[in-house]
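The values are calculated or read from the model by the stated rules, or taken from the named source; none is laboratory data. Worth saying up front: this structure is predicted, and the values here are computed from it rather than measured. Note that we place each Cβ from the backbone using ideal geometry, even for glycine, and neighbour counts take in every protein chain shown. Remember, those area values only see protein heavy atoms, side chains included, never the ligands or the DNA or RNA. Shrake-Rupley method; radii C 1.70, N 1.55, O 1.52, S 1.80 Å.
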Amino acid sequence: MMKTIMLTTLLLIFCISNTFSQDTLLLLSGKMYSGKITNVSSSFIKIKIEGLRLNSSKLIYNDELFSYVKDSNNTILYEVDSSNGRVFNTLEMEYFIKGIQAGKKEYHAPFATFGGFTAGVTGGVFGFWGTLIPSSFVFITGLKTPKVKTSSLDEEKIVLPENHNNLSYGLKYTSPKEMEPTNDQIYYSFYEYGYKISAKDKKIKNSIKGSVLGVITFLAATFIFVHR
């Protein structure tokens, strides 16, 4: 009984330590991989991703990465390179990636999916020329950029100095203490830019998926009806 308790305790300690000591890769696309980094070279990083059924390794090139964490040490690989289209500095890119991640996680486009499905079914009714209906819907969907619905920023915390031109003679004016804007507030535009790109991409993909599903549904329903 005592041996069983000790073995169980050791196993739990091992699992907990293994969970909290996982290495991570953060890609410029906002995607993250967690596992065990097995190889760090000048051009790529290899990580072993541990799953429930099998272990798979991924090789990610450095130009795809923003940073990686190995043995609890965070290393930023991103560098500004205007010749390669990298014009954001490190903090700007960090907030841009945060926006991408937030857009993927928090933005939902059910109307784009439903609209695409309806367009797909409608297009199926008109045959070959009907393909213009779902394709037009996808195009129109992509024209409008979604708004940022959520943000961790609090713009009300920014205190701007007041204009005191009409002070009475002899009165001493004490300027109120100004609050310095946080990084969240300074780099909000980059967060917003990343969010909108991610949300718009999700919106277009949902409309495409809905359209394809609508066409398949129409074809399946037609096949079943004809062969009844």
Reported to the nearest 10 Å², Thr217 has, with a 1.4 Å probe, an accessible area equal to 60
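What number comes out for the charge environment of Val69, summing +1 per Lys or Arg and -1 per Asp or Glu over other residues with Cβ under 13 Å away? Could you put the intermediate results ahead of the total?
Numbers: positive: Lys36, Lys70; negative: Asp23, Asp71.
Once all neighbours under 13 Å are counted, the net charge is 0.
If you add up the charges near Lys209, with Lys and Arg at +1 and Asp and Glu at -1, over every other residue whose beta carbon is less than 14 angstrom from its beta carbon, what do you get? Present the calculation step by step, with values, prior to reporting the outcome.
Values: positive: Lys202, Lys203, Lys205; negative: Asp201.
Once positives and negatives cancel, what remains is +2.
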Give the accessible area for Lys200 in Å² (nearest 10); use a 1.4 Å probe, count only protein heavy atoms, and leave out ligands, DNA and RNA. 60
With label points set 7 Å from each Cα along the Cα-to-Cβ direction at Thr90 and Lys36, the distance between them in nm comes to 2.9
With r as the distance between the Cβ atoms of Phe128 and Lys105 and R0 = 35 Å, compute the FRET efficiency 1/(1 + (r/R0)^6) and round to 0.05. 0.35
Calculate the length of the line joining the C-alpha centroid of the stretch 178-222 to that of the stretch 87-143, in whole Å. 7
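Applying a 10 Å radius around every beta-carbon, put 86-92, 202-208, 115-121 in order of their mean neighbour count, most first.
Details: 86-92: 13.9, 202-208: 20.6, 115-121: 23.1.
Descending packing order for the listed peptides: 115-121, 202-208, 86-92.
Relative to the present Cα-Cα distance, how much length would full extension add between Thr75 and Gln22 at 0.36 nm per residue of separation? Spell out each step's value before the answer.
Numbers: separation 53, 0.36 × 53 = 19.08 nm, distance 1.46 nm.
Length difference between fully extended and current span is 17.6 nm.
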